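Encoded as structure tokens, the structure appears first; notes follow it.
All of the numbers you see were taken from the coordinates with simple rules; none came from a lab. The shown structure was predicted, so the numbers you read here are calculated from the model rather than taken from an experiment. So basically every Cβ, Gly included, is an ideal-geometry build from the backbone, and we count neighbours across all protein chains shown.
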Amino acid sequence: MPISNNLWSQLTDNPLMVLAIFGIILMFVGLIPKMKEWLLTIGLVGLLAGWSITLLNWENSLTATPIFNMLTFDRGAIVLTAIMIATLILIFLVTDHKSIIEMNHLGEYYALMIFALIGGIIMVSFKNLLMLFIGVEILSIASYILAGFNKKNLLSNEASLKYFLMGSFASGILLMGITLVYGMSGSFDLEQIAAYTIMYNIHPPALYFVGILLLLVAFSFKVSAAPFHFWAPDVYQGAPTVSTAFMSTVVKTAAFGAFFRLFYSAFNFNSTIWNTTVIVIVALTLIIPNLTATRQTSFKRILAYSGIANAGFLMMVLLQTNLVNENGTHIAQANMALYLTGYVIANIIAFAALFLVKDATGSDELESFKGLSKRNPYLSAFLTLAMCSMAGIPATAGFMGKYFMISGLLQGGHLILSIIAVLMSVVSLYYYFKVIKAMYMEEADGANIILNPSYVFLFIIGIVILFAVGLMPHYIRDLFLM
Amino acid sequence: MISLLLVIIPLFFGISTFFVKEKWSKIIALVSSIISLGLIVSGEYFHIHPAQNLLDFSWVKEKNNGYFTLLSLGDLGLALVLLTNLIFPLIIIFQKCNTIRNSHFFFGLMLLMQAGLNGVFMAQDVILFYIFFELGLVPAYLLVGIWGNGEDKAAVSFKFFAYTMFGSLLMLVGIIYLIVNAGASHQTDFNSIYQAAHLLTSTQQIWISILFLIAFFIKMPVFPFHTWQAKTYATAPTSITIIMSAIMAKMGAYGILRFNVQFLTLGWTMLEPYVIVLAVFSLLYTAIIAIKQDNFKYVLAFSSVSHLSLILAAIASLDLNAGLINIPLFKDFYGIQTLKAIVFQLFSHGIIVAGLLMIADWIEKGSNTLDLNKMGGFAEGKRFLPIAFMVMLLGSIALPLTSGFIGEFLLLNAVFHYNYWIGGIAAISIILGAVYMLRLFQKSMLGSNNGNNYNGDLTITENWIIIPLMLFVIIGGIFPNWVNQFLF
């Protein structure tokens with residue numbers, strides 16, 4: 001194969017190269033003070049280019065071949081990549097605000113988010129455990145810096161340090177798990193590991209089992225599933241709001257993508273031996289954060305706990321790895337992608353609203369949302385719809401996500417777990433509706449909040465997606481099928 | 001197509017009302033509700049002279065599964081859709097614009113509720129049913145929380161919301177359980193669900209029935225799930241209380257008939273004895289509580305629970321063994337006599353409670369109180385109010401020649417046929433009903449003045465709101481069969 005042809009295909013087969021180039025451009029343009037207004041545009045152009053490349057490969061992804069046996073951009077990877085890039089585009093729109101444009105090191109801020117995104121894309125498309133580890137590290141190290149980007153703020157520093165310590169700890173466990181799995185199966189390759197799993201289907205060697213459990217624990221850390229969730233609220237609250245939005249959407253999508261990919265393609269054949277552990281983790285992740293969130297007074301912290309609670313719902317996908325629809329296609333990945341779409345969009349709307357309110361009032365407490373319906377009826381209407389979606393009110397994406405997850409659980413026969421999930425959804429109504437109550441039913445004076453065109457665009461696109469997924473879930477889900 | 005329009009029109013006008021000036025909002029809401037009324041009247045015409053394709057709305061569901069009905073006007077839901085669309089124009093006229101802030105939001109949310117309520121009674125698909133079930137709920141939460149009376153309105157409306165949502169989510173588990181069992185393609189239309197449900201074993205049916213029953217008991221509400229209701233009815237703006245008690249409460253009865261009786265027949269026959277005992281207990285318990293209440297609206301709230309408990313008792317006494325429903329249409333059902341009576345009473349109770357709540361509101365506006373101990377002698381010097389109150393009240397206590405009598409008599413008859421003892425005990429409720437309703441009339445209208453004055457009578461508009469309701473109570477009592485052809 002001629003080199004030139006190879007170079008072109010490296011640029012267009014997957015979005016990694018294009019994104020990396022734009023990341024580096026952003027870092028250097030950031031050094032020129034006069035070019036500061038152009039950073040956002042350059043970033044958006046890069047992301048849109050990456051997104052188009054991803055979408056152009058949509059059809060090819062069904063017959064994707066591995067790249068050097070390291071990465072495979074199959075349908076599952078393409079779907080999650082598209083979701084992550086689209087999410088980052090929306091997050092970039094949130095940064096179109098004077099308090100961010102005036103920030104120091106703006107170029108690095110955008111560049112770090114794009115680098116983290118690259119790590120995320122590697123995580124959702126890995127075929128080799130080495131690539132998984134590299135992806136996790138690229139994503140994590142960029143995220144540590146993003147969490148501490150507000151370097152004169154003590155809370156932000158604390159968040160960064162906590163995130164770093166916990167993240168490195170989890171990475172250590174991940175490495176240990178990879179080592180044990182490698183030691184028993186003799187390969188880093190997912191297919192080879194899957195072959196080994198089939199061979200020792202009934203009685204896997206003890207070390208292999210320990211390896212799987214260590215991987216489970218490490219990923220539970222990464223996706224902040226209880227009982228490994230304790231770092232998340234502090235980190236989410238301390239980090240700058242945009243970084244928190246990034247962590248709770250893009251990072252979470254990447255972590256779940258990798259989590260699912262590993263367990264679905266490598267360990268699916270002995271799922272019975274780790275299913276019980278997953279059931280316990282899911283039950284805890286549903287109960288603990290939902291109950292804790294009801295006592296919170298800060299909206300940002302509520303969103304952090306809601307992110308943990310949603311991780312519980314998302315982890316249900318690991319119990320559905322064997323489900324097929326009437327055509328014999330596996331549906332777990334499509335269920336996860338549908339849930340993630342709804343979760344991510346509602347979350348970004350919520351964080352954008354929080355960002356605006358915090359900028360106007362200087363506080364992220366629920367107090368500062370009081371009377372918002374008077375000050376900006378549109379903003380409060382958008383936030384209300386987002387909260388309805390998070391709470392799983394029908395006709396929104398959140399409902400359909402929960403519906404397919406619970407439907408999958410019941411197909412697998414987990415009736416008790418689905419009743420726990422439903423009861424905890426009732427509990428979650430309490431804290432999601434707290435903010436609606438504050439906006440509409442309580443009075444307070446405050447500064448007017450003005451929405452600039454980027455925000456209006458972001459909110460309208462977000463609401464349209466929420467309702468599109470909520471009203472036509474089958475069409476959307478069929479797109480995601482592998 | 002009429003069924004689709006009945007959902008789309010309130011939805012469209014409801015959303016557009018958010019964006020208009022406040023002074024136009026009431027007119028737009030009124031136009032929308034009158035269009036809906038016109039639609040349902042033409043729907044009645046096509047119902048009596050069948051032309052099914054005009055009433056149903058079909059849609060292609062998934063890629064390969066072809067067309068099937070999503071919405072259908074007729075069968076069990078017809079009476080309730082008619083009730084919804086009859087009551088909405090009246091309460092939109094009834095709701096005064098100048099007493100509420102941001103009336104465009106108020107009327108917009110009200111129309112969204114109308115879309116949800118119409119949809120619930122017409123849905124032919126379980127997911128659609130659930131979506132409409134909730135679409136009525138979120139606006140209700142906001143309407144009570146924002147425009148309610150009293151300091152604790154936010155807490156009261158959240159209690160209402162959480163209670164109902166708790167029930168609905170349990171119902172959702174039941175619905176998903178049925179869908180999962182509906183074959184590999186997981187069809188969600190009523191026909192597939194019906195077939196799937198009838199294949200379940202009796203143990204499965206009982207457990208799923210209980211999930212549904214909790215949801216619908218909360219919605220109706222029935223003892224022991226009624227604790228949210230009295231406070232919510234008193235806190236909500238009266239027009240919303242009317243929607244809740246006249247229409248939303250009927251969603252519970254409709255759901256029980258649809259899911260428990262029709263789909264989970266086996267489970268329902270097993271649970272019948274327990275439900276009927278619970279219903280009769282609830283009937284008497286809430287009637288006795290109503291006698292002791294001092295708040296006008298609380299009396300009406302508890303009387304509403306009591307009446308709905310009787311309807312529940314009658315549903316539980318349906319003789320399903322004599323002719324198991326083997327076609328998913330209620331028309332072909334053996335126990336049609338009782339079923340006709342249930343539908344008639346659902347409609348009649350909706351009309352009567354709407355009238356009584358309007359009267360309660362006018363009395364409150366006139367005398368600034370709802371406390372029965374501060375009322376007295378309000379009948380003096382008024383021509384129309386006492387008459388309207390008396391007609392509605394007699395309908396409520398089931399005096400012969402009122403619509404309430406037809407309904408209650410047939411329902412009690414059904415309970416009697418189920419078991420003489422239970423029927424005898426349930427009949428006591430007629431006496432208790434007379435006691436609390438006449439006490440209400442006596443304390444407010446008769447006697448001497450106890451502090452608060454109420455001068456002036458109903459305005460002409462108010463007269464014309466209550467007259468159609470009074471006419472129904474009387475015509476329904478004299479020509480029940482003629483009325484019933486429009487209902488079932």
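Between residue B:291 and residue B:457, the FRET efficiency estimated from the beta carbon spacing at R0 = 25 angstrom works out to 0.30.
Between residue B:421 and residue B:206, the C-beta separation translates, for a Förster distance of 22 Å, into a calculated FRET efficiency of about 0.35.
Can you work out the PRE-style zone for residue A:457? Point 7 Å along Cα to Cβ, and I want the residues of region A:17-34 with backbone N under 20 Å. Residues A:19, A:22-23, A:26 qualify, since their backbone N sits under 20 Å from the label point. Along the axis of the charge dipole computed for the protein assembly as shown (Cβ charges of +1 for Lys and Arg, -1 for Asp and Glu, origin at the Cα centre), the listed residues B:112, B:176, B:199 are led at the positive end by B:112.
Could you bin all the Cα-Cα distances of chain B into 20 Å bins starting at 0 and give me the percent of pairs in each, rounded to whole numbers? Result returned by the calculation: 25, 60, 15, 0.
For region A:102-164, the relative contact order comes to 28 percent (Cα pairs under 8 Å, sequence separation of at least 6). Given +1 at the Cβ of Lys and Arg, -1 at the Cβ of Asp and Glu and no other charges, the dipole of the protein assembly as shown around its Cα centre is 1240 debye to the nearest 20. Residues whose amide H falls under 5 Å from that of residue A:71, counting only those 5 or more places apart or on a different chain, are A:127, with hydrogens built in the peptide plane. Legend: ranking of residues A:105, B:417 from fewest to most surrounding C-beta atoms inside 10 Å; resulting order B:417, A:105.
Sequentially through region A:290-303, phi angles give Karplus couplings (6.51, -1.76, 1.60; θ = phi - 60°) of 5, 5, 5, 4, 5, 8, 7, 10, 9, 5, 5, 5, 4, 5 Hz, Gly and Pro residues having no value and appearing as x. Database remark: amide H of residue B:71 closer than 5 angstrom to the amide H of B:57, B:124 (H placed geometrically; neighbours at sequence offset of 5 or more, or on other chains; Pro and chain starts carry no H). Mean sequence separation of contacting Cα pairs (under 8 Å, at least six apart), scaled by the length of chain A, corresponds to a relative contact order of 14 percent. Taking every alpha-carbon pair under 8 Å whose residues sit at least 6 apart, region B:125-487 reaches a relative contact order of 16 percent. Farthest toward the positive end of the dipole of the protein assembly as shown, out of A:195, B:235, A:69, is the Cα of B:235, where the dipole comes from beta carbon charges about the Cα centre. Taking the square roots of five times each eigenvalue of the Cα gyration tensor of chain A, the equivalent ellipsoid has semi-axes of 34, 27, 21 Å, listed largest first.
Extents of region B:370-459, largest first, come to 50, 25, 16 Å (Cα atoms, principal axes, whole angstrom).
Once both axes come from the Cα atoms, what is the angle between helix B:385-396 and the longest principal axis of chain B, in degrees from 0 to 90, rounded to 10? In chain B, helix B:385-396 runs at an angle near 30 degrees to the longest axis. How big is the gap, in Å, between the Cα center of region A:306-378 and the Cα center of region A:413-464? Centre-to-centre distance over Cα atoms comes out at 9 Å. Computed extension gain for residue A:68 through residue A:416, at 0.36 nm per residue and net of the alpha carbon distance, reaches 120.8 nm.
The HN-Hα couplings worked out from phi for region B:138-146 by the Karplus form 6.51 cos²θ - 1.76 cosθ + 1.60 (θ = phi - 60°) are 4, x, 4, 4, 5, 4, 5, x, 8 Hz, whole numbers, x standing for Gly and Pro.
Extension gain, residue B:30 to residue B:274: 0.36 nm times the residue separation minus the Cα-Cα distance gives 83.4 nm.
In this calculation the C-beta distance from residue A:295 to residue B:49 is compared with R0 = 56 Å, giving a FRET efficiency of 0.35.
The angle between the Cα long axis of helix B:296-316 and the longest principal axis of the Cα atoms of chain B comes to about 30 degrees, rounded to the nearest 10. Of the cross-linked pairs A:358/A:434; A:252/A:300; B:153/B:292, those separated by over 21 Å at the C-alpha level are B:153/B:292. Here chain B is assigned +1 on the Cβ of each Lys and Arg and -1 on the Cβ of each Asp and Glu. Its dipole about the Cα centre then comes out at about 760 debye.
Centre-to-centre separation between the Cα atoms of region A:248-300 and those of region A:138-199: 16 Å. Axis of helix B:420-445 versus longest Cα principal axis of chain B: the two differ by about 30°, to the nearest ten degrees. Short to long, the 5 Å bins of the Cα pair-distance histogram for region B:1-124 hold 2, 12, 21, 21, 16, 12, 8, 5, 2, 1, 0 percent of all pairs. Scanning chain B for GluC sites (Glu not before Pro) in DSSP loops with at most 16 neighbouring Cβ atoms within 10 Å leaves B:152-379 as the longest stretch between them. Considering only A:296, A:164, A:55, the residue lying farthest towards the positive end of the dipole of chain A is A:296, judged by Cα position with unit charges set on Cβ. In this label model, residue B:152 and residue B:471 are separated by 4.3 nm, measuring between points 7 Å along each Cα→Cβ vector. Reducing region B:116-177 and region B:404-435 to their Cα centroids gives an inter-centroid distance of 31 Å.
Over chain A, DSSP H runs of length four or greater, each weighted -39,500 (n - 2.57), average out per residue to a 222 nm ellipticity of -24000 deg cm²/dmol. Taking amide H as placed 1.01 Å from N in the peptide plane, the amide H of residue A:365 sits under 5 Å from that of A:299, each at least 5 places away or on another chain.
Kirkwood analysis of the protein assembly as shown, using all unique Cα-Cα pairs, places the hydrodynamic radius at 30.0 Å. Less than 18 Å from a label point 7 Å out along the Cα-to-Cβ axis of residue B:8: which backbone N atoms in region B:79-120 qualify, by residue? Once the point is set 7 Å along Cα→Cβ of residue B:8, B:112, B:114-120 turn out to lie under 18 Å by backbone N, inside region B:79-120.
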